[in-house]
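Q: Have a look at the structure that comes next, please.
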């Protein structure tokens, strides 16, 4: 089996969403699981900013000016980064996610492996959910602050 055929087969059956990302931070390709996780076709995902799909803050902190730094902060330094973030589906709903961002010397240069933790009742997913609640509470507290 040719390498490209093997790669396509592996990616299309991967349990995690896989996004190929260019240096501008835009999706260059997506596997079938990514289509299901994000509720968008591969064609719709193509060209979207990775920061609009994963790394987004909890609702209530959704304004771009208040977002945390980019998923791609210092990408040339990090050959492999593991992040606990939130993803956003086509319908606007958010889900806890674990993202592994890898970098290679090939095109496209980055790959984001996105694991949807919304169905995970484990401690890891619960910690991400609690972090989101805390971020939202902090945002609400600041909105009512006189500072």
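A short reminder: the numbers here are calculations on the coordinates, not readings from a lab. Being a predicted model, the structure only gives us computed values, none of them experimental. Note: ideal-geometry Cβ built from the backbone for every residue, glycine included; neighbour counts use all protein chains shown.
Q: Got a sec? Which residues in segment 12-30 would a label at residue 42 touch, if it sits 7 Å along Cα→Cβ and we count backbone N under 13 Å?
A: Correct set: 12-14, 18-20, 28-30.
Q: Subtracting the Cα-Cα distance from 0.36 nm times the residue separation, let me have the gained length for residue 118 to residue 23 in nm, one decimal. Don't skip to the end; give the middle numbers.
A: Numbers: separation 95, 0.36 × 95 = 34.20 nm, distance 2.88 nm.
Contour length minus the Cα-Cα distance gives 31.3 nm.
Q: What distance in nm separates the simple spin-label points at residue 134 and residue 82, each placed 7 Å from Cα in the Cβ direction?
A: The modelled label-to-label distance comes out at 1.9 nm.
Q: Based on the Cβ-Cβ distance from residue 12 to residue 52, what FRET efficiency comes out when R0 is 35 Å, to the nearest 0.05?
A: Numbers: r = 24 Å, r/R0 = 0.67.
Calculated value: 0.90.
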